[in-house]
Amino acid sequence: MRCAEAGPDFLIVGAMRAGTTLVYDLLRQHPSVYMPEQKELHFFSVRGKDPWKVPLEGATVRICRWDDYARFFEDAPPGALKGEASTSYLYTPWAAEAIRQFHPDVKLVCVLRDPVERAFSHFLWLVRRGLEGSRTFEEALQREPERMREGSDFGRYVWVGRYYEQLRRLYRHFRREQILVVFFEDLMSDPVRVAQKVYRHLGAPDSFAPIVRGRRNPSGTPRWRWLELLGKSVRPLGRSWPGLARLGYRIRDWNLQRPHLSPDTEAALREAYRQEILALEGLLGRPLSRWRASSGGRHDRPRGAGGLAR
């Protein structure tokens, strides 16, 4: 099949703000794997649609033509496993069927995170990018139903974390052995072990040990917007001067502050997700009791690393 040969052999399909950037980075390091430099192409979410009418939670890139999509894989070495990462493939209702029509034997990697922590991280990420105008997380949650009715391009904090139906869609269209589910907590605890599990799933040698890099996509709100913009403008220069990229990331990380999630808001969200998580436990055959309880300590730092991409 022409499309399957020219396009990806595997896809990282989400969830958003659950560690997909880290998995993407760990896969890009493997000598038998090729992934484009551009993450989040969203091809199967916008294919056959008006691309700017598909709500994609702040996405800036939307590849809608096959020829444009295939070009992202043209530089893959012969024999390399090709893949890409787009979090919208999990929460966009029609993406799973579009992927199956393109490549029914594709391998999928799905990264899941405690939906309450994920929702709060999602909010802070949009605030950092200047897309969320709500003064508080609670205000943003109240506005979510209205935004969904209006077809807003961002702000689906609770809805994006409803993994049960999202995974059921994947299982309806693909065999279970095609889908590897990875948990954020495991990824933060031991990223190398999880990376090697992903390598095995894709058919790449699992003896390769990737380097765990610094944070790529942290959550938080900038103390000063002008300093956030300065760090962002410096980082692209790192392609020629790596020291400037490191400086840009240091500026970004120093400037970020992470507010705390209100205990009352956390309790309300955990109750809202309770039945969803119980159903997901049955679907996956794995207990998720920590997701149903108060978060307590968070698994934000992997062993041997100073904090990583969410």
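The values are calculated or read from the model by the stated rules, or taken from the named source; none is laboratory data. What you see is a predicted model, and the numbers here were worked out from it, not measured in a lab. All Cβ positions, glycine included, derive from the backbone under ideal geometry; neighbour counts span all protein chains shown. Areas reflect the complete protein model, heavy atoms only, side chains present, ligands, DNA and RNA absent. Shrake-Rupley method; radii C 1.70, N 1.55, O 1.52, S 1.80 Å.
Each peptide in 76-84, 162-170, 6-14, 142-150 was scored by the mean count of other Cβ atoms within 10 Å over its residues; highest first, the order is 6-14, 162-170, 76-84, 142-150. In this structure region 38-188 gives 40 Å² per residue of accessible area when probed at 1.4 Å with all protein chains present. Couplings 3J(HN,Hα) for region 198-208, derived from phi with the Karplus relation 6.51 cos²θ - 1.76 cosθ + 1.60 (θ = phi - 60°), are 5, 4, 4, 4, 7, x, 9, x, 9, 7, 5 Hz, where x marks Gly and Pro. Taking 0.36 nm per residue of sequence separation and removing the Cα-Cα distance, the residue 165/residue 268 pair yields an extension gain of 35.0 nm.
Semi-axis lengths, largest first, of the ellipsoid equivalent to region 1-119 are 21, 18, 12 Å, with √(5λ) applied to each eigenvalue of the Cα gyration tensor. If you take the Cα centroid of region 63-114 and the Cα centroid of region 179-199, the two points sit 19 Å apart.
Contact order for region 87-222, expressed relative to its length and based on alpha carbon pairs under 8 Å spaced 6+ residues apart, stands at 36 percent.
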